[in-house]
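Following: one structure in structure tokens, then a few remarks.
The values are calculated or read from the model by the stated rules, or taken from the named source; none is laboratory data. Quick caveat: nothing in here was measured; it's all calculated off a predicted structure. Positions of Cβ are generated from backbone atoms using ideal geometry, with glycine treated the same way; all protein chains shown enter the neighbour counts.
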Amino acid sequence: MGSSAGTKHEGFTAEERAAMRDHAKELKAAARRGSRADKAAQAEQDVLAKIAAMTPSDRAMAERVHAVVRAAAPVLEPKLWYGMPAYALDGKVVCFFQSAEKFKARYATLGFSDQASLDDGPMWPTGFALTGVTSEVEEKIAALVERAVS
């Protein structure tokens, strides 16, 4: 496949390779942890640290998304997933926050995996662009997350 500049792109981008390295580290760290409670507590701390390290605009949105997800679906456990804050049910990621900075995008993304119960006919959205998190957006996120785990 060629780019618009006429150069050929082969393989993964630097950002994609970094995400894969993050995921490998996450798997190794999870394997080393002790009890389930220890793993859950450390996973939440890892997520909060990742959020704290984001650019100011991404951090502000990620903090609000984290709070809304935790309140709307306490059954979901925070964890890192490919270097992104994610929320899992029985160890399987249901939703995640991808900062704009992560892949040099113009907006952050709230994404849902195939584990989310968002099915609506033969086609439905699983990713939502975020440029800010207002009270209206928080309500929409809460509704989506509640539905995702129903």
| query | Going by the conditions given, is M61 assigned to a loop (DSSP other than H, G, I, E, B), in contact (Cβ under 8 Å) with a residue 40 or more places away in the chain and not aromatic (F, W, Y)? | reply | no
| If V68 passes every condition in (1) in contact (Cβ under 8 Å) with a residue 60 or more places away in the chain; (2) in a loop (DSSP other than H, G, I, E, B) but one, which one does it miss? | (2)
| Any idea which of (1) touching a residue at least 24 places away in the same chain (Cβ under 8 Å); (2) surrounded by 12 or more Cβ atoms within 10 Å (Cβ to Cβ) is the one K104 doesn't satisfy? | (2)
| query | Based on what the data block shows, is L27 in contact with a helix residue (DSSP H, G or I) (Cβ under 6 Å, 6 or more places away or on another chain) and more than 18 Å from A129 (Cα to Cα)? | reply | no
| note | In the range 71-85, anything outside any helix (DSSP H, G or I), buried (at least 16 other Cβ atoms within 10 Å of the Cβ) and either out of contact with any Pro (no Cβ under 7 Å at 6 or more places or on another chain) or among the β-branched types (V, I, T) (or both) is listed as A73, L76, E77, K79, L80, W81, Y82, G83, M84
| Residue selected from the range 35-88 under the condition in contact with a His (Cβ under 8 Å, 6 or more places away or on another chain) and not β-branched (V, I, T), by the criterion farthest from E101 (Cα to Cα) | P78
| Out of curiosity, is A86 under 11 Å from the mean Cα position of the chain (by Cα) and among the hydrophobic types (A, V, I, L, M, F, W, C)? | yes
| message | Scan the range 19-37 and tell me whether some residue there is over 19 Å from L144 (Cβ atoms), polar (S, T, N, Q), part of a helix (DSSP H, G or I) and at pLDDT below 95. | response | no
| query | Picking from A142, A41, which residue would you name as being hydrophobic (A, V, I, L, M, F, W, C), surrounded by fewer than 15 Cβ atoms within 10 Å (Cβ to Cβ) and either in contact (Cβ under 8 Å) with a residue 24 or more places away in the chain or under 24 Å from M20 (Cα atoms) (or both)? | reply | A41
